[in-house]
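Trainee: Before I ask anything, here is the structure I am working with.
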Amino acid sequence: MIDMGSAALPTITWNPLELDPEVRKEEHIGARFLLAAALSCYVGTLASDMQKGGAKHVGEITASGEIEKERGINLRTRFTHMEIQVEMPVSEEDQPVFQTVRGSLLNGSLATYSLEEEMDVDYNIEAV
């Protein structure tokens, strides 16, 4: 169990020993946590920047991502690429705010920009 110290997500609990060994081998929980952290920061920044920019309505944001890893020449495995896809409903009147925020976020959020020092991160942000 991880005590997150958060009102929104107080704890994260899992027990990998409850999983069949073959399933456990494919879980890649570290990659899932890293991707979840990146998506949480990215989506939070998008919503906050839309509000700060004066958007009249910030609808439900949908986000997903993928993370890739490779074995380096030293035979250690590292994460090398993250792909982030984000969609949010944007009214016609909020399009200018969205375009400004989108342009900024194509350079990343705090978490994703920090990760860019060690891996490629690609962003796809669309208004629907």
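Trainee: Could you work out the local net charge near V58, counting Lys and Arg as +1, Asp and Glu as -1, over the other residues with Cβ closer than 12 Å to its Cβ?
Mentor: Working: positive: K52, K56; negative: D49, E60, D94.
So the environment of V58 carries a net charge of -1.
Trainee: Leaving out ligands and nucleic acids, note down the accessible area per residue over the chain with a 1.4 angstrom probe, in whole Å². Write out the running numbers ahead of the final one.
Mentor: Values: 8540 Å² over 128 residues.
Per residue, the chain has an accessible area of 67 Å².
Trainee: Shifting gears a bit: Sorting K56, K69 by accessible area (1.4 Å probe), largest first, what list results?
Mentor: Working: K56 145, K69 105 Å².
If we order K56, K69 from most to least accessible, we get K56, K69.
Trainee: Further question on the same structure: Report the accessible area of S40, computed with a 1.4 Å probe over the heavy atoms of all protein chains in place, in Å² rounded to the nearest 10.
Mentor: Solvent-accessible area, nearest 10 Å²: 80 Å².
Trainee: How many percent of the accessible area of the chain is carbon or sulfur, using a 1.4 Å probe? Spell out each step's value before the answer.
Mentor: Values: 4480 of 8540 Å².
For the chain, the apolar C and S fraction of the accessible surface comes to 52 percent.
Trainee: Now for a different question. Might you work out the accessible area of T77 for me, using a 1.4 Å probe with all protein chains in place, and round it to the nearest 10 Å²?
Mentor: 70 Å²
Trainee: Something else now. Grab the beta carbon distance between K25 and E117, set R0 = 25 Å, and tell me the FRET efficiency rounded to 0.05. Could you put the intermediate results ahead of the total?
Mentor: On the way: r = 29 Å, r/R0 = 1.18.
Here the calculated transfer efficiency is 0.25.
Trainee: Another one. Sort D122, D94, D49 by accessible area with a 1.4 Å probe, largest first.
Mentor: Details: D122 70, D94 5, D49 45 Å².
The residues order as D122, D49, D94, largest area first.
Trainee: Related question: If you average 1/r over every pair of different alpha-carbon atoms in segment 57-128 and take one over that average, what Kirkwood value in Å do you get? Don't jump to the answer; show the numbers that get you there.
Mentor: Numbers: mean 1/r = 0.0730 Å⁻¹.
By the Kirkwood definition, the hydrodynamic radius is 13.7 Å.
Trainee: Further question: How long are the semi-axes of the equivalent ellipsoid of the chain, defined as square roots of 5 times the Cα gyration tensor eigenvalues? Whole Å, largest first.
Mentor: Details: eigenvalues 194, 72, 31 Å².
So the three semi-axes of the chain are 31, 19, 12 Å.
Trainee: Report the label-to-label distance for N107 and E87 in nanometres (one decimal), using points 7 Å from each Cα along the Cα→Cβ vector.
Mentor: Using points 7 Å along Cα→Cβ, the separation is 2.8 nm.
Trainee: Same structure again: Compute the helix-to-body angle for 95-105: its Cα long axis versus the longest principal axis of the chain, expressed 0 to 90° and rounded to tens.
Mentor: Here the helix axis deviates by roughly 40 degrees.
Trainee: Any idea what angle helix 29-52 forms with the longest principal axis of the chain, computed on alpha-carbon atoms, 0 to 90 degrees, nearest 10?
Mentor: The answer is roughly 10 degrees.
Trainee: With loop defined by DSSP as not H, G, I, E or B, and exposure as at most 10 other Cβ atoms within 10 Å, which is the longest segment of the chain clear of exposed GluC sites (Glu not before Pro)?
Mentor: Numbers: sites that count: E26, E60, E117, E118.
The reported range is 61-116.
Trainee: Just by accessible area at a 1.4 angstrom probe, what is the order of Y42, Y113, Y123 from largest to smallest? Before the final figure, lay out the partial values.
Mentor: Values: Y42 0, Y113 135, Y123 35 Å².
Reading off the accessible areas and sorting them downward yields Y113, Y123, Y42.
The values are calculated or read from the model by the stated rules, or taken from the named source; none is laboratory data. Note that this is a predicted model, so its numbers are computed, not measured. All Cβ positions, even for glycine, are placed from backbone atoms using ideal geometry, and neighbour counts span all protein chains on display. The accessibility values were calculated without ligands, DNA or RNA, using every heavy atom of the protein model including side chains. Shrake-Rupley method; radii C 1.70, N 1.55, O 1.52, S 1.80 Å.
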